[in-house]
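A quick write-up on the structure given underneath.
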Amino acid sequence: MIHIKTPEEIEQMKAAGRLSKQALRRVGAHVKPGISTLELDGIAEGFIRLHKGIPAFKGYNGFPGTICSSVNEQVVHGIPSPEAILEEGDLVSIDTGAVVDGWVGDNAWTFFCGKPSEEAKALCEITFDCLKAAIEMAVPGNRVGDIGYAVQELAERHGYGVVRDYTGHGVGHTMHEDPSVRNYGKRGRGVRLTEGMVIAIEPMITLGGYDCKTLSNGWTVVTTDGSPAAHYENTVAITKDGPVVLTQDDEGPWCPLEGGYA
Ligand code: MG
């Protein structure tokens, strides 16, 4: 079921989006060789709780972390661990969300640990461009297929893989609402987007194929061919005035994060 939000509710959701982005920015500033992903998780949790938020992921279907930390060939849902020590050249996808006043914010970013390879950097640039192109499609009257098409067309034009097994989703009082927002599709197909829908748009793009598998821990999703992946996500409200990125802080809706894609 799709939960339509009033303009007042969308305003209320901005607090959760803001804290989610601030937490992501804070984590990104600590992505350096030698830090563990569990340490990054502690930074995010401390920051969210300090600002009177609740980590949205922690305990969700039993997930142990405040962040998902997915390194290199890990696509999404990586579990923060003291053994996962970041190394020079790693691609580090961080996904985090906060609950504020009962509303959820959800966002993700792929950071560079030190200096990335040229091909990894290009992957991140295009994945971020996919997110932007998808958000431009998030207007009343379009359909979810228009979002999927925008991502798929751009990514595949560059020879990248578009992950099929995981999708964006509606966001509200709970983290995963309808509709599913695929990163592939056909223009003019699927659920019609209407004013008051709030969706997380989150392209997951790989340097190789799109096929994925889940590790034996039951969470961590990796590319089957071992190719690196990138993941960018914002929570977006569909309004009569166009898409409104709710996961933004004082730097504005696109806010390139330090150590991000640029
Ligand atoms: Mg999400």
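Couple of notes before you dig in:
- Flag if Gly145 is closer than 21 Å to Lys240 by Cα and part of a helix (DSSP H, G or I): yes
- Check on Lys115, surrounded by fewer than 20 Cβ atoms within 10 Å (Cβ to Cβ), more than 14 Å from the ligand (Cβ to nearest atom) and not in a helix (DSSP H, G or I): yes
- Search result, residues across segment 165-180 that are under 15 Å from the mean Cα position of the chain (by Cα) and over 22 Å from Ala98 (Cβ atoms): Asp165, Ser180
- Residue, least open to solvent (accessible area, probe 1.4 Å), within segment 190-205, restricted to residues that are more than 16 Å from the ligand (Cβ to nearest atom) and either among the hydrophobic types (A, V, I, L, M, F, W, C) or touching a Leu at 6+ places or on another chain (Cβ under 8 Å) (or both): Leu193
- A Cβ distance below 7 Å, combined with a sequence gap of six or more or placement on separate chains, defines the contacts here; from segment 176-205, residues that are of a type in the set (Lys, Arg) reach residues that are within 16 Å of the ligand (Cβ to nearest atom) and not in a loop (DSSP other than H, G, I, E, B) in the pairs Arg182/Val144; Arg182/Gly148.
- Single residue of Asn234, Asn183 found to be crowded, with 19+ Cβ neighbours inside 10 Å, at pLDDT 95 or above, touching a helix residue (DSSP H, G or I) at 6+ places or on another chain (Cβ under 7 Å) and in a loop (DSSP other than H, G, I, E, B): Asn183
- Ala155 being over 21 Å from Gln74 (Cβ atoms) and either within 16 Å of the ligand (Cβ to nearest atom) or open to solvent by less than 10 Å² (accessible area, probe 1.4 Å) (or both): no
- Hits in segment 167-180 - residues which are within 13 Å of the ligand (Cβ to nearest atom), assigned to a loop (DSSP other than H, G, I, E, B) and more than 15 Å from Asn234 (Cβ to Cβ): Gly172, Thr174, His176
- Gly209 within 13 Å of the ligand (Cβ to nearest atom), in a loop (DSSP other than H, G, I, E, B) and more than 14 Å from the chain's Cα centre (by Cα): no
- Wholly enclosed strands (runs of 3 or more DSSP E) of segment 1-107 bearing at least 2 residues farther than 24 Å from Thr214 by Cβ and open to solvent by less than 70 Å² (accessible area, probe 1.4 Å): 91-100
- The one condition in (1) surrounded by 21 or more Cβ atoms within 10 Å (Cβ to Cβ); (2) over 16 Å from Ser70 (Cβ atoms) that Leu123 fails to fulfil: (2)
- Qualifying residue in segment 241-248 (condition: polar (S, T, N, Q), open to solvent by 10 Å² or more (accessible area, probe 1.4 Å) and at pLDDT below 95): yes
The values are calculated or read from the model by the stated rules, or taken from the named source; none is laboratory data. Keep in mind it's a predicted model, so treat the numbers as computed, not measured. Glycine gets a Cβ as well: all are built from the backbone with ideal geometry, and neighbour counts include every protein chain shown. Areas reflect the complete protein model, heavy atoms only, side chains present, ligands, DNA and RNA absent. Shrake-Rupley method; radii C 1.70, N 1.55, O 1.52, S 1.80 Å.
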